[in-house]
Amino acid sequence: MGSGVEPAPRMAALARQRGIHVTDAVAEALPFPDDRFALTAFITSLCFVTDPPRALAEASRVTRPGGSVLIAYLNLASAAGAHLAATQHEDPYFAHARLRTTTELRALLADADLAADGAQQVIAEAGQPPRVSSGADQGLFCVLRARVASTTKPPR
């Protein structure tokens, strides 16, 4: 079973119904010991985090050396992402989201001493089924993967 962090009670309840062990916390202050997980993921959630650099530092802290930090996100640089950003004030779910480009997310990862080493995107073209391809330059839904250094992490 997976574990998750969720500060919103209704979303936490929904995750629990789906079999996820949920801890009431925020990404900027993870209540887990260092090197606890092999994989830490932000699934379309980093855009809602108040302090993304702190959240990524925490993700790195709780991910064991050689593990991965994943960011699944809606790409602002895509045509669909630009449209979503232009209309997000009309959508109560996205009204407070801070959509970012792949370049911006790579910079946030680098600031947390994480280097993106893989990217995938979903390409959706009219009349065609969606397909997954390498890169993160065209699709609305993208995933960046960064590996946590296998060397000893500096104390935090």
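The values are calculated or read from the model by the stated rules, or taken from the named source; none is laboratory data. Just so it is clear, the structure is predicted and the values come from calculations on it, not from any experiment. Cβ atoms come from the backbone with ideal geometry, glycine included; neighbour counts cover every protein chain shown. With ligands, DNA and RNA removed, areas are computed over all heavy atoms of the protein, side chains included. Shrake-Rupley method; radii C 1.70, N 1.55, O 1.52, S 1.80 Å.
Of all residues in segment 78-87, exactly one satisfies the criterion of being surrounded by 19 or more Cβ atoms within 10 Å (Cβ to Cβ) and either out of contact with any Gly (no Cβ under 9 Å at 6 or more places or on another chain) or of a type outside the set (Ser, Thr, Tyr) (or both), namely Gly81. One residue stands out among those in segment 6-29 that are under 16 Å from the mean Cα position of the chain (by Cα) and not aliphatic (A, V, I, L, M): the one that is surrounded by the fewest Cβ atoms within 10 Å (Cβ to Cβ), which is Pro7. Annotation: Asp34 fulfils all but one of (1) among the acidic types (Asp, Glu); (2) surrounded by 16 or more Cβ atoms within 10 Å (Cβ to Cβ); (3) in contact (Cβ under 8 Å) with a residue 40 or more places away in the chain; the unmet one is (2). Across segment 95-104, a minimum of one residue is classified as open to solvent by 80 Å² or more (accessible area, probe 1.4 Å) and within 15 Å of the chain's Cα centre (by Cα). In segment 83-94, the residues that are free of Cβ contacts under 8 Å to residues at least 12 places away in the same chain form Cβ pairs under 7 Å with partners that are hydrophobic (A, V, I, L, M, F, W, C) and part of a loop (DSSP other than H, G, I, E, B), at six or more places apart or across chains, as follows: Gln88/Phe94; Gln88/Ala95; Gln88/Ala97; His89/Ala95. All of Val122, Val148 fail the test of being in contact with a Gly (Cβ under 8 Å, 6 or more places away or on another chain), open to solvent by less than 80 Å² (accessible area, probe 1.4 Å) and at pLDDT 95 or above, apart from Val122. Of all residues in segment 51-67, none are open to solvent by 70 Å² or more (accessible area, probe 1.4 Å), within 22 Å of Gly4 (Cβ to Cβ) and not charged (D, E, K, R). If only residues of segment 125-142 that are open to solvent by less than 40 Å² (accessible area, probe 1.4 Å) and part of a strand (DSSP E or B) are counted, the one that is farthest from Ala85 (Cα to Cα) is Ser133.
All told, Asp113 meets the bar of being open to solvent by 70 Å² or more (accessible area, probe 1.4 Å), in a loop (DSSP other than H, G, I, E, B) and acidic (Asp, Glu).
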